[in-house]
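The values are calculated or read from the model by the stated rules, or taken from the named source; none is laboratory data. Treat the numbers as computed from the prediction; the structure is a model and nothing was measured. Note: ideal-geometry Cβ built from the backbone for every residue, glycine included; neighbour counts use all protein chains shown. When the accessible area is computed, the model is the full protein with side chains, heavy atoms only, and any ligands, DNA or RNA have been set aside. Shrake-Rupley method; radii C 1.70, N 1.55, O 1.52, S 1.80 Å.
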Amino acid sequence: HRGRPAPHPLGATVPDWSVPAISSLEVAQLCTLFLGGRARASWIASVCLLHVGAMWACAAIWLQTCHAALGSPPGEPVPPPLVLLCGMVLVPASIVGGSARLQPIISVTTAATAAVMIVVLADAMAEHGRGSPTWQVFDSPRRTPPPRPVPLRLLVDPSHLPQTLAALAFCHAIHQSVPALRRAPGGAAAARRALRVGLCGCGLVYLLFGCLTALVFGDATLPLVTLHFRSLHCAPPHAPPPVWASAAGGAVALLPILSTTAAFPLFNGVLAANLAVVLPTRLASRRLTAPLCALPPLVAAAALTDTPSLLALCGLPCLVIAFLIPAALQAAAFRASLRRWGEAGRRTPHSTPLSGAAPALGLFVLGAAVLAAGIWSLLLRPLLHALGVPGG
């Protein structure tokens, strides 16, 4: 927002940033003000697709975890009875709601579990480095550890960069606490610091997860790292695993069921509330809107549970949310500020070194390139291949 003009000692009019005219605006309102109705429609459609994709991801992870817990090998199709069981759990949970109260408990549990997983993976990495290990962390790893030096393609694969960026955009966009975090602190600077620390911390943790898992399991790394902990051994190679190791490994492997069961109703509630606005009053009931919003993601999860492809596919609308619309808004607001205040409107108390036309253009070009590459690799190329078109 921009402040009202204040008298300058030399008689000129400059922005008075200490008296804001508007406290806050939703992004959809900002799109209407600066970009027009089409941008607003694109934003709303992308947010709706985000919530559908988030429910799809939750259901797919739920199904994968349960399927693996039943002893099924990776890649085997999920049986319809398991999909029915998933619906019998997630749809009533969406109708009842209230899972937001469980989020602090789940967050603490997830953080503690992540710390344990990193320690176990680091120990497994150290054991693989020994010539004749006397301690087996995982029971019968799916393959021998990667050779030394580790092939670079095991950690960095440029061919999957567009899908990776789309998945990162999706994972960033689905965090429900970010809007509340921006409103809670006393100033925007504190919110920026909190977001920066949170995003950098999560990024480092997941990067450490991925690298350690790839170094321990090599090409046989599963899409869900938690599934590897079903084979937690923590004993000499020929000794049976202790009870505590089996119990701890099972708890880690089943943790995604708890987290997705709690998260699914949150995404469903947002989408159902928006659906209730367009329905007649007599039909605007949570008992109707919650199942209507839950069924499409459940059906999609029954057809596709491959986590990497799913996250990349669901990340396509998130590129609009995380790259295109923010960059366009930044550029439009910057031009409006210059028109209103001249050179005095070039910087505000919220400006950073990345505030300006050039960074906004770079962000927009990056988002558009990743979006185009993702649409080609995830949608158009498979479609052409299915139609038998050469080069598909």
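A few notes on this one:
- Residue pairs meeting the criteria (Cβ under 8 Å; at least 6 apart or on separate chains; first in a helix (DSSP H, G or I), in the stretch 29-54; second open to solvent by 50 Å² or more (accessible area, probe 1.4 Å) and charged (D, E, K, R)): 31/40; 32/40
- Close pairs (6 angstrom Cβ cut-off, 6 or more residues apart or separate chains): touching a residue at least 60 places away in the same chain (Cβ under 8 Å) in the stretch 323-345, of a type in the set (Phe, Trp, Tyr) and buried (at least 20 other Cβ atoms within 10 Å of the Cβ) anywhere: 325/43
- Exactly one residue out of 108, 119, 91 is modelled with pLDDT of 80 or more and open to solvent by 40 Å² or more (accessible area, probe 1.4 Å), and it is 119.
- Across the stretch 360-392, the number of residues qualifying as aromatic (Phe, Trp, Tyr) and outside any helix (DSSP H, G or I) comes to 0.
- The residues in the stretch 315-342 that are under 30 Å from residue 91 (Cβ atoms) and either open to solvent by 10 Å² or more (accessible area, probe 1.4 Å) or aliphatic (A, V, I, L, M) (or both) can be counted, and the count is 6.
- Condition check for residue 375: touching a Cys at 6+ places or on another chain (Cβ under 8 Å) and touching a residue at least 12 places away in the same chain (Cβ under 8 Å): no
- Residue match in the stretch 320-327 (condition: within 12 Å of the chain's Cα centre (by Cα), among the hydrophobic types (A, V, I, L, M, F, W, C) and more than 22 Å from residue 358 (Cα to Cα)): no
So that you can scan it fast, the table gives a plain yes or no per residue for (1) touching a strand residue (DSSP E or B) at 6+ places or on another chain (Cβ under 9 Å); (2) open to solvent by 30 Å² or more (accessible area, probe 1.4 Å); (3) outside any helix (DSSP H, G or I); (4) modelled with pLDDT of 80 or more:
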position	(1), (2), (3), (4)
213	no, no, no, yes
218	no, no, no, no
223	no, yes, yes, no
233	yes, no, yes, no
239	yes, yes, yes, no
245	yes, no, no, yes
248	yes, yes, no, yes
256	no, no, no, yes
259	no, yes, no, yes
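- Applying the criterion of being within 20 Å of the chain's Cα centre (by Cα) and open to solvent by 50 Å² or more (accessible area, probe 1.4 Å) to the residues of the stretch 269-308, the residue that is farthest from residue 96 (Cα to Cα) is 308.
- Residue 68 vs. criteria under 16 Å from residue 256 (Cα atoms), modelled with pLDDT under 90 and open to solvent by less than 20 Å² (accessible area, probe 1.4 Å): yes
Each row is one residue, and each column tells you yes or no for (1) of a type in the set (Asp, Glu); (2) under 30 Å from residue 35 (Cβ atoms); (3) at pLDDT below 80.
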{"site": "276", "(1), (2), (3)": "no, yes, no"}
{"site": "283", "(1), (2), (3)": "no, no, yes"}
{"site": "301", "(1), (2), (3)": "no, no, no"}
{"site": "319", "(1), (2), (3)": "no, yes, no"}
{"site": "376", "(1), (2), (3)": "no, yes, no"}
